[in-house]
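First up is the structure itself, then whatever we jot down about it.
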Amino acid sequence: MFAPPLPRLGPPGPFPGTPLTHPLDRKWLHYAFLSRCGRQALIANLSVLGSSSKTVFADPGAPATGRRSGTGTAAEGQHMAILLVHEEGPGWSATQFNAEQPELPWSAFRLPHPHGEPGTFRVAARSAVPAADLRLTRTSRPCTSQCAPFGGDEHLRWQSEPGVLGTGTLWHGDGTATETDLLGYHERVRGRWSWPTLGGWVFGFVNDPSGPADAAPPSAVVFTLIQPRFPADAANGSVMLWREGRMIRHFPRRNLRVAVSGSLDRDRVAVVPPLADMLGTPPTAAVPGRLLITARLGDDRLVLDFRSHTAGRIANPSETSLHPFSVHETLGPCTVEGRVGGHGIGFRTNGIVEFAGGAHD
């Protein structure tokens, strides 16, 4: 018997088809990966910012008119893209904010998007390096969308998906190329915010790499702490646990304890993009040397212990303040242990944590 195809549910993505109607409206696609060998890391941010004079119907990606990233008309919004590549030994290399990017970048949030179906993801500097040419494959399901309101009428919505597989080539700043096998994380962010009001955040993830290379990781953890400047009760956060590709536990803000200690040696922090260091970007707060997060809910308990090893500081320009909003993409070893749903969890591997803030004057 012939069965007609099911109708497509929801917008094609990666975002709902609503326009950007305010100059501080934003859409971001975030990509973060670590190599299974532990020597390479990749972070990419693709974004579009609204306009003060036009309604913008656009998603992150190269402007449809063929203009360069970092430029755009009032109707297109401001499209930007930056790529960071890290190799143990040589260290960090990065593009400017005008990296070459595809018009329709790969995203787990595009529909339809079957699991196990690879897609191409290419980002490169205008000067050719650094660059990434990858095949990305989703293995997991995303968390539910989360929202943090703050300030007067500002908010930030985000949705995360760990367990993204990547294979391909990374080109470093010195022109050398590395064939790599990656395991990482993808996120979409939409909202309206000014960097000073947003205050700061701590985002991070860790995937257990012990499972088969072509399958969802046995366990994955994503954590979030958002710290707006006001109102006093606007802080938001969560810890989420995935098992074999499906989220099985969400620990809300009231069930978390977060502690930091020490600081990362400033000589282990590289300022990017390259022009930011040349233009005398002012210093910001030190990166914590250790981050300890404890989550409890009933009989369930999860502890993450992250130690900072090195960081790439992205100095994002702020539209409403003189100081940049600094996002420290921090690499380091992470230990996860606990017990959830009667099952023990324990593994140690590398993770990526973002320590961000500093835009207030």
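The values are calculated or read from the model by the stated rules, or taken from the named source; none is laboratory data. Only a predicted model underlies this, so the values are computations on that prediction, with no experimental measurement involved. Here the Cβ is made from the backbone with ideal geometry for all residues, glycine too, and neighbour counts use every protein chain on show. Just the protein is used for accessible areas: all its heavy atoms, side chains included, with ligands, DNA and RNA removed. Shrake-Rupley method; radii C 1.70, N 1.55, O 1.52, S 1.80 Å.
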**Request:** Would you mind stating whether GLY237 is free of Cβ contacts under 8 Å to residues at least 40 places away in the same chain and either under 18 Å from the mean Cα position of the chain (by Cα) or on the phi > 0 side of the Ramachandran plot (or both)?
**Result:** yes
**Item:** Test result for VAL129, among the β-branched types (Val, Ile, Thr), within 30 Å of PRO252 (Cβ to Cβ), at pLDDT 95 or above and touching a Ser or Thr at 6+ places or on another chain (Cβ under 9 Å)
**Value:** no
**Asked** ALA234 versus (1) open to solvent by less than 20 Å² (accessible area, probe 1.4 Å); (2) touching a Phe, Trp or Tyr at 6+ places or on another chain (Cβ under 8 Å); (3) assigned to a strand (DSSP E or B): which is the lone unmet condition?
**Response** (3)
**Asked** Where in the stretch 79-137 are there strands (runs of 3 or more DSSP E), lying fully within it, with 3 or more residues that are within 17 Å of the chain's Cα centre (by Cα) and within 16 Å of HIS186 (Cα to Cα)?
**Response** 119-124, 131-137
**Message:** Checking the structure you have, find out if any residue of the stretch 310-318 is open to solvent by less than 20 Å² (accessible area, probe 1.4 Å) and among the charged types (D, E, K, R).
**Reply:** yes
**Request:** Only residues that are of a type in the set (Gly, Ala, Ser) and crowded, with 16+ Cβ neighbours inside 10 Å: list them for the stretch 319-352, please.
**Result:** SER321, SER326, GLY332, GLY338, GLY351
**Item:** Conditions (1) crowded, with 23+ Cβ neighbours inside 10 Å; (2) closer than 27 Å to PHE306 by Cα: number failed by CYS147
**Value:** (1)
**Prompt:** PHE205 is checked against (1) open to solvent by less than 30 Å² (accessible area, probe 1.4 Å); (2) out of contact with any strand residue (DSSP E or B) (no Cβ under 6 Å at 6 or more places or on another chain) and fails just one. What number does that condition carry?
**Reply:** (2)
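Just the residues that are assigned to a helix (DSSP H, G or I) and either touching a Lys or Arg at 6+ places or on another chain (Cβ under 9 Å) or surrounded by 18 or more Cβ atoms within 10 Å (Cβ to Cβ) (or both), please, taken from the stretch 237-276.
Listed by number, the residues that qualify are ASN255, ALA276.
From the list PRO212, PRO218, pick out the single residue that is more than 30 Å from GLY151 (Cα to Cα) and open to solvent by 60 Å² or more (accessible area, probe 1.4 Å).
PRO212
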**Asked** LEU302 is checked against (1) outside any helix (DSSP H, G or I); (2) surrounded by fewer than 19 Cβ atoms within 10 Å (Cβ to Cβ) and fails just one. What number does that condition carry?
**Response** (2)
**Request:** Just give me the residues in the stretch 255-273 being farther than 26 Å from ASN45 by Cα and at pLDDT below 95, in sequence order.
**Result:** none
**Message:** Out of the residues in the stretch 288-299 meeting the condition of being over 11 Å from PHE251 (Cβ atoms) and in contact (Cβ under 8 Å) with a residue 40 or more places away in the chain, tell me which one is least open to solvent (accessible area, probe 1.4 Å).
**Reply:** LEU291
